[in-house]
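The values are calculated or read from the model by the stated rules, or taken from the named source; none is laboratory data. These figures come from a predicted structure and were not determined experimentally. All Cβ positions, glycine included, derive from the backbone under ideal geometry; neighbour counts span all protein chains shown.
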Amino acid sequence: MLQMMLTFLTLDGKGGTVGGGYINNSVNVGSIYLDAEEQWVLSNEDIVEDDDVDLESVVMHQIGHLLGLKHSFVKEAIMYPIVLQEKKIELVNVDDLQRIRKIYGVNT
């Protein structure tokens, strides 16, 4: 079982890199770090400023990296590399699903 830690750190200040992560497979530990300087919000309704960042969308994106996914060119995908302040990602996109199935297979 993978243990995961979520940490807020000062990275590069507001408006830069919002987060990252790494996994140590030898001890089954993963870590997601988020920039403490960002203006984090918890739902789409809370996004009122151009620099507000949806916490759930960024954490889902970082979990995707921990699972082995790379960035996607599909703007609606969780793994799109740019945080889009104007929308919250609510569902796993077909692109994300197809790529995770390519890594882990399909449970039939």
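Restricting the search to the stretch 15-34, which residues are surrounded by 13 or more Cβ atoms within 10 Å (Cβ to Cβ) and either in contact with a helix residue (DSSP H, G or I) (Cβ under 8 Å, 6 or more places away or on another chain) or under 19 Å from Glu56 (Cα atoms) (or both)?
Gly15, Thr17, Val18, Gly19, Gly20, Gly21, Ile23, Gly30, Ser31, Ile32, Tyr33, Leu34
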Restrict the check to the stretch 66-75 and report whether at least one residue is part of a helix (DSSP H, G or I), at pLDDT 80 or above and under 14 Å from Gly21 (Cα atoms). yes
Within the stretch 3-12, the residues that are assigned to a loop (DSSP other than H, G, I, E, B) and surrounded by fewer than 11 Cβ atoms within 10 Å (Cβ to Cβ) are Thr10, Asp12
Leu91 vs (1) more than 30 Å from Gly105 (Cβ to Cβ); (2) at pLDDT below 80; (3) under 16 Å from the mean Cα position of the chain (by Cα); (4) loosely packed, with under 11 Cβ neighbours inside 10 Å: all pass except (1)
